[in-house]
Amino acid sequence: MTERSANRRRRPGAWARRHAVLLIAVALAAGSAVLVPPDPAYLAYVDLRTLTLLFCMLATITALQRVRFFAAIATRVVRPFRTLRGLVLALVLATAAASALFTNDVALLGFLPLAYRALDSTGHRGSLAFTFVMMTVAANLGGMITPFGSPHNLYLHAFYEIPTLRFVEIMLWPFLVSIVLILVLCLLVPRAPIARPEVDIAFTSRRIFVYLLLFALVIAIVFRALPLWAGLAVPLVLLVTDRRALARLDWGLLGTFAAFFVFAGNLSRIPEVSAALASFMQIDPLLSAALASQMISNVPAAILLSHFTSDYAQLLLGVNIGGVGTLVASLASLIAFAHFRVVAPGRPAVSS
């Protein structure tokens, strides 16, 4: 028996906990199918463009993770700093920048382990909770400026066919205000001198350049500079260079999107529910989206509420701002909380 198999047997509920959002989405889709039995109209529920772009993005990012691209970049960000404030600022702002480029979930997965190693090696584990919270806030709010900064942005950009310049115009001021507030909070960290963080991760493969080219291709498809079928290059290249990247990408997230597409499509066909949600959105789309995100997370909120409003600007703002708040408001917050529990067991729970 391998160590991984033994761990699975000791923790039979581990898989369910890791994929809780997927299981909830499937349960909701199945429950809604009882009220709206499957028929040919189901074929129109799924947004194939969103799923295709999400697959290409996840596959390319997974390949970059496997050649330690993000870890190597992260170490180069933190090594020059000699004060605690500088180190925390570097970690938080780098997370925001990475979120805008590579999605907020990936930014946290790349930078949270580095933050722990850097703070632990410099004797400042007491700042771990604050740093993790600020990195999570930066990931959620930093990713709002680009269509590919978060999964719900990718969906809304495709669903409403929002022009890229219009997307940036909507999100620019909230993004700038968010960055200023994040900076102000990080300036509260004392300027205590620290030793050079003991982190040094090197690039491990020349395939990085190939994967960066694939990533640029995906971005071009998101911006509609290339047709959707150009995304076929991603799996074809990875089948040659790294098949495990295809196996290890977040298939659960793709399944979650597909299940929520079914759930949202079915609700839109139930007259009473459709009328109630439409009325809910007419009151205040921004506030409605933000509140819904606090309860069901911003990805399902975006998918569900997009069927009941044409005011994409307010919905876009609502689900992005709503990603900060409760622990379940975004997947990024759950990732940060889970990682904090691993590196700092026994500490009080925190949320973004």
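Go over the candidates 77, 67, 106, 88 one by one and state the one that is β-branched (Val, Ile, Thr) and open to solvent by 20 Å² or more (accessible area, probe 1.4 Å).
On inspection, the qualifying residue turns out to be 77.
Conditions tested, residue by residue: (1) among the hydroxyl-bearing types (Ser, Thr, Tyr); (2) more than 29 Å from residue 69 (Cβ to Cβ); (3) in a helix (DSSP H, G or I).
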{"residue": "221", "(1), (2), (3)": "no, no, yes"}
{"residue": "239", "(1), (2), (3)": "no, no, yes"}
{"residue": "245", "(1), (2), (3)": "no, no, yes"}
{"residue": "288", "(1), (2), (3)": "yes, yes, yes"}
{"residue": "293", "(1), (2), (3)": "yes, yes, yes"}
{"residue": "302", "(1), (2), (3)": "no, no, yes"}
{"residue": "310", "(1), (2), (3)": "yes, yes, no"}
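Any idea how many residues of the stretch 141-167 are part of a helix (DSSP H, G or I), open to solvent by less than 50 Å² (accessible area, probe 1.4 Å) and of a type in the set (A, V, I, L, M, F, W, C)?
7
Taking the stretch 223-237 only, how many residues are more than 19 Å from residue 101 (Cα to Cα) and either acidic (Asp, Glu) or in a loop (DSSP other than H, G, I, E, B) (or both)?
1
Of the residues 299, 237, which single one is among the β-branched types (Val, Ile, Thr), open to solvent by 30 Å² or more (accessible area, probe 1.4 Å) and touching a helix residue (DSSP H, G or I) at 6+ places or on another chain (Cβ under 7 Å)?
Only one candidate qualifies: 237.
State whether one or more residues within the stretch 308-331 are of a type in the set (Ser, Thr, Tyr), open to solvent by 40 Å² or more (accessible area, probe 1.4 Å) and modelled with pLDDT of 90 or more.
Checking the stretch 308-331: at least one residue is of a type in the set (Ser, Thr, Tyr), open to solvent by 40 Å² or more (accessible area, probe 1.4 Å) and modelled with pLDDT of 90 or more.
Restrict the check to the stretch 189-202 and report whether at least one residue is more than 30 Å from residue 37 (Cα to Cα), of a type in the set (D, E, K, R) and modelled with pLDDT of 90 or more.
Within the stretch 189-202 (the criterion being more than 30 Å from residue 37 (Cα to Cα), of a type in the set (D, E, K, R) and modelled with pLDDT of 90 or more), the answer is yes, since at least one residue qualifies.
Do we find that residue 94 is at pLDDT 85 or above and either buried (at least 23 other Cβ atoms within 10 Å of the Cβ) or within 11 Å of residue 135 (Cβ to Cβ) (or both) in this structure?
It is true that residue 94 is at pLDDT 85 or above and either buried (at least 23 other Cβ atoms within 10 Å of the Cβ) or within 11 Å of residue 135 (Cβ to Cβ) (or both).
So, in the stretch 121-131, how many residues would count as being of a type outside the set (A, V, I, L, M), in a helix (DSSP H, G or I) and over 16 Å from residue 184 (Cα atoms)?
4
With the structure loaded, tell me whether residue 254 is touching a Phe, Trp or Tyr at 6+ places or on another chain (Cβ under 9 Å) and either on the phi < 0 side of the Ramachandran plot or open to solvent by 10 Å² or more (accessible area, probe 1.4 Å) (or both) or whether it fails that test.
Criteria met by residue 254.
Listed residues 278, 289; which is more than 30 Å from residue 95 (Cβ to Cβ) and over 15 Å from the mean Cα position of the chain (by Cα)?
Testing whether each residue is more than 30 Å from residue 95 (Cβ to Cβ) and over 15 Å from the mean Cα position of the chain (by Cα) leaves just 278.
Go through (1) more than 23 Å from residue 214 (Cβ to Cβ); (2) surrounded by fewer than 23 Cβ atoms within 10 Å (Cβ to Cβ); (3) not polar (S, T, N, Q) one by one and return the number of the condition residue 101 breaks.
Condition (1) is where residue 101 drops out.
Need pairs with beta-carbon distance below 6 Å; first residue among the basic types (Lys, Arg) and within the stretch 61-78, second assigned to a helix (DSSP H, G or I); sequence gap 6+ or separate chains.
66/245
Here is a yes/no grid of residues against (1) open to solvent by less than 60 Å² (accessible area, probe 1.4 Å); (2) aromatic (Phe, Trp, Tyr); (3) within 30 Å of residue 318 (Cβ to Cβ):
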{"residue": "170", "(1), (2), (3)": "yes, no, yes"}
{"residue": "188", "(1), (2), (3)": "no, no, yes"}
{"residue": "216", "(1), (2), (3)": "yes, no, no"}
{"residue": "260", "(1), (2), (3)": "yes, yes, yes"}
{"residue": "263", "(1), (2), (3)": "yes, yes, yes"}
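For a quick check of your reading of the model, give me the residue pairs whose first member lies in the stretch 315-336 and is free of Cβ contacts under 8 Å to residues at least 40 places away in the same chain, whose second is in a loop (DSSP other than H, G, I, E, B) and open to solvent by 10 Å² or more (accessible area, probe 1.4 Å), with beta-carbon atoms closer than 6 Å and at least 6 apart or on different chains.
Within 6 Å, the pairs are 327/351; 328/297.
With surrounded by fewer than 21 Cβ atoms within 10 Å (Cβ to Cβ), touching a residue at least 40 places away in the same chain (Cβ under 8 Å) and among the aliphatic types (A, V, I, L, M) as the only criterion, which of 344, 275 stands out?
Going through 344, 275 in turn, just one is surrounded by fewer than 21 Cβ atoms within 10 Å (Cβ to Cβ), touching a residue at least 40 places away in the same chain (Cβ under 8 Å) and among the aliphatic types (A, V, I, L, M): 344.
The values are calculated or read from the model by the stated rules, or taken from the named source; none is laboratory data. All figures in this text were calculated on a predicted structure; none of them were measured in a lab. Positions of Cβ are backbone-derived with ideal geometry, glycine not excepted, and every protein chain shown enters the neighbour counts. Ligands, DNA and RNA are excluded from the accessible area calculation, which covers all protein heavy atoms including side chains. Shrake-Rupley method; radii C 1.70, N 1.55, O 1.52, S 1.80 Å.
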